[in-house]
Amino acid sequence: MGTSQEERTGPPGTRFALPSRAPGLRRPVAAGAVLLIAASLVLHVLVLKDSYFVEDDLLFVGNAYQSGLTPDFLLRVHNGHFMPGAFALTWVLSHASAYDWTLVASVTTAAQALLSVAAFRLLGLLFGYRPMILLPLTVFLFSPLTIPGFGWWAAAINAVPLQLAMVLALTAQVRFARGEGDRYGRRALGWWLMGMAFSIKGVFVAFVLFAVTTAFLRDRQIGWIRSMLRELGRHRRLWGAYAAIMGGYTALYLARRSAAPVEGAVLPQTGHALEMVGTMVGRTFPSGAVGGPLGWLSNGVTGGLAAPSDTLVAISWVVVAAVVVTTVVHRRRAVRAWVLLGGYLLFADAVPAVIARSGSVAASGAEPRYVADAVVVLMLCLGFALLPLAGERDAYRRPLPGGSLRALTAGLAAGAYLVVSVISIEDYRSGLSVDRIRGYFDTVRAELAAAPDDTVIYPTPVPDHVMVPWFGDGRLSSRVLTPLARPALRARMTHPEPSHEAKVFDQEGRLVEMGVFGFFEPLPPGGFCLPVTDGAVLVPEAVSAGGPVTAGSLFYSAARSASVTLEVGRERLVLNLRATPGDTIYFPMRTAGRGVRIVIDDPGAQVCLKGLAIGAPAAPPP
């Protein structure tokens with residue numbers, strides 16, 4: 001053949017020659033890819049339509065407004081995750097428009113569209129633009145394993161950039177390995193760095209690049225181990241750069257993890273780890289690989305956990321075994337593809353997830369987002385196990401069935417996969433229930449827009465259906481809801497002052513008069529005022545927990561404007577009272593301690609203290 005042709009190798013005895021651009025074949029393949037990508041994006045958009053900000057999303061947005069775009073903010077470790085790129089993206093989008101789901105969904109969809117096109121381009125680059133590349137492309141585009149990590153923003157800012165970085169790095173590495181220039185090797189390293197910026201699992205992309213290069217792109221006939229050694233010798237500077245960067249990245253991660261021990265990763269218990277890995281590798285991934293799980297344990301906000309039936313798990317393993325055995329029998333080097341996939345699942349997905357989620361229940365193994373990135377490797381390995389590389393002459397060790405039978409088998413397999421996948425995705429979407437959360441934020445947004453700048457709003461936890469108690473102080477309104485407020489109002493929400501008209505958010509997001517629930521010192525029997533001793537009222541039994549969620553209220557009357565000084569431990573707080581026959585002033589209690597002393601600064605003002613409450617600010621019962 002001339003130089004304007006590329007070879008496509010079939011079974012022994014079958015050889016096809018196609019023009020380098022293959023316009024007669026490439027156009028329908030590209031058209032088919034466009035249809036598949038468009039259909040998959042429709043499903044993804046529908047998932048986003050029924051999703052909203054939940055849980056960690058709210059924590060990330062709140063943190064973005066508590067800090068500038070500083071190294072300390074970007075390099076924090078969150079529950080074992082190191083993701084400065086994700087934090088930077090969240091900060092930028094949040095400051096552009098806080099809690100704007102349309103903006104977030106648009107960015108996520110655009111990234112998914114780019115990822116889909118890049119995946120098609122990678123498959124075409126590796127195997128040529130033949131119709132069979134649409135099979136692994138279909139598996140990737142419609143995999144239900146990627147859906148939970150796509151619809152949940154906190155997961156999407158890890159998962160989608162990581163998958164995109166992996167695909168783009170592989171694309172550049174293929175061109176580098178084919179001798180198209182050293183610049184492609186540097187580009188692959190750059191995309192690898194991008195992946196690590198968004199997910200700690202990006203580290204493992206370097207191993208995928210090395211494995212693909214040595215197993216399929218260079219010296220594939222001499223044995224995999226010898227190919228690895230030759231590659232390390234041939235490009236020692238490039239792979240040395242990977243190793244050096246990986247070492248520095250690991251050191252930085254460990255240093256930042258030690259700075260946040262509560263959020264960092266720890267070694268798990270053996271039984272817990274084995275159960276989690278067994279669920280992840282034995283049930284979640286194989287059932288998802290055939291289009292499952294077909295069922296979900298829904299939690300209403302993030303779609304829930306994969307819950308494949310035992311029957312589906314058994315069927316999925318039969319299908320997986322049949323594909324592996326068939327490809328190993330017919331395709332040279334198919335074993336390498338499946339070893340790559342298995343190694344990635346174990347070392348890149350299972351082990352990091354076990355360490356990061358060591359404090360969680362073993363059911364975390366049923367969270368598909370932990371294996372979403374493995375779907376890219378599945379697509380790649382399925383292609384390596386089924387198809388010859390462009391220009392590969394010794395792809396098959398045994399003849400495959402005739403072309404029409406192969407096409408029919410591939411078509412039926414793709415069709416069955418599509419049906420099962422669409423059912424799984426739609427079942428996931430039906431389990432999403434975010435209307436109440438969306439309504440809560442719509443109400444808060446409207447209330448803050450109508451509130452005057454001098455409104456004092458005390459921090460209270462957002463409702464449990466918005467953020468679970470596990471988030472602690474991270475779920476306080478002073479952190480979660482301040483991004484929706486104007487700067488002046490945001491300052492009063494973050495550092496509330498003493499006020500006679502203090503407000504809090506109720507369970508529906510409305511601003512209501514504040515109440516204090518906890519310790520209460522009432523009037524003595526038959527008395528009209530709390531007893532005054534040496535110009536002060538002593539309440540020895542009062543207890544203040546301090547911190548951002550402790551406040552007090554003082555019930556009083558006064559003949560004229562006056563002030564009292566409230567003392568708790570070393571804290572001194574001056575409260576300005578107004579002339580009134582009866583009123584209540586609310587104030588923050590930031591210091592922990594037992595015993596309160598209230599000094600009446602102007603005895604002539606005829607101040608009568610009628611009661612003291614110390615506890616948690618909260619909305620009055622409905």
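The values are calculated or read from the model by the stated rules, or taken from the named source; none is laboratory data. As the structure is a computational prediction, the values presented were derived from the model and not from experiment. Using ideal geometry, Cβ is built from the backbone for each residue, glycine included, and neighbour counts are taken over all protein chains shown. When the accessible area is computed, the model is the full protein with side chains, heavy atoms only, and any ligands, DNA or RNA have been set aside. Shrake-Rupley method; radii C 1.70, N 1.55, O 1.52, S 1.80 Å.
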Point to revise | Solvent exposure ordering (accessible area, 1.4 Å, most first) of PHE520, PHE140, PHE204 | key: PHE520, PHE204, PHE140
**Study point:** Förster radius 25 Å - calculated FRET efficiency between ALA410 and GLU180 (Cβ-Cβ, nearest 0.05)
**Key:** 0.25
Practice item. Starting from the Cα gyration tensor of the range 533-622, take the square roots of the eigenvalues, sort them a ≥ b ≥ c, and report rounded, prolate or oblate (rounded when a/c is under 1.5, otherwise prolate if a/b is larger than b/c, else oblate). Key: oblate
Exercise for review: Could you calculate the FRET efficiency of ASP601 with SER67 from 1/(1 + (r/R0)^6), where r is the beta carbon distance between them and R0 is 35 Å, rounded to 0.05?
Suggested key: 0.35
Point to revise | Amide hydrogen neighbours beyond the local backbone of VAL290, cut-off 5 Å, H modeled | key: none
Study note, to complete from the structure: Restricting to aspartates and glutamates and to Cα separations under 19 Å from LYS503, and discarding same-chain partners fewer than 8 apart, the set is ASP442, GLU447, ASP453, ASP454, ASP473, GLU513, ASP583
Point to revise | Fraction of accessible area attributable to carbon and sulfur, the chain (%, probe 1.4 Å) | key: 62 percent
Review point. How far is it, in nm, from the label point at ALA31 to the one at ALA321 when both lie 7 Å from their Cα along the line to the Cβ?
Key: 4.2 nm
Review point. Quick one: which of 420-428, 161-169 comes out on top by average Cβ neighbours within 10 Å, and what's the full order, highest first?
Key: 161-169, 420-428
Exercise for review: Take the alpha-carbon centre of the range 156-215, take the same for the range 122-142, and report the distance between them in whole Å.
Suggested key: 18 Å
Point to revise | Probe 1.4 Å, protein heavy atoms only - accessible area per residue of the range 164-232 in square angstrom | key: 38 Å²
Review point. ALA363 to VAL117: FRET efficiency via 1/(1 + (r/R0)^6), r the Cβ-Cβ distance, R0 30 Å, to the nearest 0.05?
Key: 0.30
Exercise for review: Find the accessible area per residue for the range 35-128; the probe is 1.4 Å, ligands and nucleic acids are left out, and the unit is Å².
Suggested key: 32 Å²
Practice item. Keeping every protein chain in place, order THR326, THR591 by accessible area at 1.4 Å, biggest value first, i.e. largest first. Key: THR326, THR591
Review point. So what is the calculated 222 nm ellipticity per residue for the chain, using -39500 (n - 2.57) for each DSSP H run with n of 4 or more, over all residues, to the nearest 500 deg cm²/dmol?
Key: -15500 deg cm²/dmol
Study note, to complete from the structure: For ARG406, the accessible surface traced by a 1.4 Å probe with all protein chains present amounts, in square angstrom to the nearest 10, to 80 Å²
Practice item. Using a/c under 1.5 as the rounded threshold, could you call the range 164-239 rounded, prolate or oblate? The axes a ≥ b ≥ c are square roots of the C-alpha gyration tensor eigenvalues, and prolate needs a/b larger than b/c, oblate otherwise. Key: prolate
Study note, to complete from the structure: Packing-ranked peptide list from 229-239, 367-377, 496-506, highest mean Cβ count within 10 angstrom first, is 367-377, 496-506, 229-239
Exercise for review: Provide the solvent-accessible area of SER430, counting protein heavy atoms only and rolling a 1.4 Å probe, rounded to the nearest 10 Å².
Suggested key: 90 Å²
Practice item. Assign one of three labels to the range 377-495, namely rounded, prolate or oblate, based on the Cα gyration tensor with a ≥ b ≥ c the square roots of its eigenvalues; rounded applies when a/c is under 1.5, prolate when it is not and a/b is larger than b/c, and oblate otherwise. Key: prolate
Point to revise | Interchain or long-range residues, amide H under 5 Å from GLY595's placed H | key: ALA542, VAL543, SER544
**Study point:** Chain lengthening between ARG438 and VAL532 when straightened (0.36 nm per residue, less Cα-Cα)
**Key:** 28.8 nm
Review point. Rounded to the nearest 10 Å², what accessible area does LYS49 show when all protein chains are kept and the probe is 1.4 Å?
Key: 120 Å²
Practice item. Could you check the simple spin-label distance between ASN79 and ALA488, using points 7 Å along Cα→Cβ, in nm with one decimal? Key: 3.8 nm
Review point. Are there any helices in the chain, counted as whole DSSP H runs, that stretch 24 Å or more along their axis by Cα and score at least 0.5 on average by Kyte-Doolittle, and if so which?
Key: 23-49, 101-127, 153-177, 310-330, 403-430
Review point. Hey, if we sort ARG333, ARG597 by accessible area with the 1.4 Å probe, largest down, what's the order?
Key: ARG597, ARG333
**Study point:** Net length gained if the chain between VAL328 and ILE423 were fully extended (0.36 nm per residue, minus Cα distance)
**Key:** 31.1 nm
